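Asker: Handing you a structure now.
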Amino acid sequence: MKNLIYVKLAALLLILLPIGYSCSHKTAQIPNLGLGEALINCKPADADNLIESIKYIALETSNNCLVADASFVSLYNEFIIVADSKHNVFLFDLNGKFLRKIGIKGKGPGEYQTIFGYAFDKTSGKIYLSSPSNTKVYTIDGKYVQTLNFRFDFESMLVQNDNYIITKPAFQFPDKSARSVIEIYSENGDVIKKIDYRGEIGDIPYFSMIYLKDDYTYYREELSDTLLRFGEDLNPVPFATLGLNELLVTPANFKYTSVSEIEKCYRVYKMFDFNKAICFNMQKGFMSFNDITTLFYLKKSKEVVCFGERNGKGGLFINYVSHIPKAAEDNRMLCFISYKDISLLNRDSIQNPELHKISGSLTENSNPVLSLITFK
């Protein structure tokens, strides 16, 4: 699955290179988050005032639940859902105990063939696995619910009031004009509404991921320095400037003759909106999934901070290991910790009892180790 994602992203990049999205909105009146300056020199966070607790979780390792590379992760109440690159979906509890698999791979009734896209509806607790031809729906108990007559890619679907909001990849027409589409489907696959953005190169947005925050507000990442907020009518309104400036990844600053140019820049890879802060996972370049810098914009003080002495590089650096954010729910965030980080620790100096216990039994073939961070 990882190879498939790389191929799709590479193809998408080639499509987007001539398109871009130069924000023509009036950004002077919206807040500038100042992420560009923070990437160079970030203020250390006061962890004691921001973090309530950290729980370390070693996912159970057995023949029934061997996790390949985790492609999608969700946090839901007392459960952790992991979909991996071998098209398996596992359910664990918050102690790391394996509970069950979700769905069955196959071609029979209620079975899915591959995981082309993954989405989770926190309102209903339903899991959506999209194959090339349709989408299968399962409960958190692993029971098959129904088949939906549409498909989606990656995490580009949001369930809202029994409707399914899906973003389509942007593409370019032969006449050099561009198009980006948002479609809303009913359960039987009928298109209820289509929002079709067409325009000249650089004049339309590209939407990749969808976020739900508060009532009828959607957040979408796009290749510009401006974050867009969507209301119930899905009309975009700028609400913040990232402030990346020359560090922004756009097709305009990419040069075919120098791939290294784009590796100097950043884009929002993941965004988690909490009540008191917005967490940004900044990905360097387009394809460097492991080169992540994690920054926190504090809404009250309007400051950008990072955890640890590494200026946000590699996630939140706490207890001498890097915590890379993967999923969030309410005031909780689920992070991955690498085996390498834990294996390099001196066990005698580990003060956290959970982490100390995990470090003594962990091997290179163990399932991932997670941290559950609860913010104040």
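Asker: Among 274, 72, rank each residue by its count of other Cβ atoms within 10 Å, from fewest to most, as a rough exposure measure.
Answerer: 274, 72
Asker: May I ask you to sort 294, 226 by Cβ crowding, counting other Cβ atoms within 10 Å and putting the fewest first?
Answerer: Taking fewest neighbouring Cβ atoms as first place, the list is 226, 294.
Asker: Please go through the residue pairs 143/300; 299/340; 193/276; 43/168; 43/264; 122/194 and name each one whose alpha carbons sit more than 32 Å apart in this structure.
Answerer: Exceeds cut-off: 143/300; 299/340; 193/276; 43/168.
Asker: Kirkwood Rh over alpha-carbon pairs of the range 324-376, then Stokes-Einstein at 20 °C and 1.002 mPa s: what D in µm² s⁻¹, rounded to an integer?
Answerer: Rounded, D is 177 µm²/s.
Asker: Could you grab the Rg to Rh ratio for the range 28-171? Cα atoms only, Kirkwood for Rh.
Answerer: Here Rg/Rh amounts to 1.06.
Asker: Which loop trypsin sites (Lys or Arg not before Pro) in the range 50-109, with loop taken from DSSP, have no more than 15 other Cβ atoms within 10 angstrom of their Cβ?
Answerer: 86, 97, 107
Asker: Amide H to amide H under 5 Å from residue 145: which residues, 5+ apart in sequence or cross-chain, H placed 1.01 Å off N in plane?
Answerer: 137, 138, 139
Asker: Using Cβ contacts closer than 10 Å as the measure, can you line up 356, 323 from fewest to most?
Answerer: Fewest to most other Cβ atoms nearby, the residues stand as 356, 323.
Bear in mind these aren't lab numbers, they're just calculated from the coordinates by the rules spelled out. Note that this is a predicted model, so its numbers are computed, not measured. All Cβ positions, glycine included, derive from the backbone under ideal geometry; neighbour counts span all protein chains shown.
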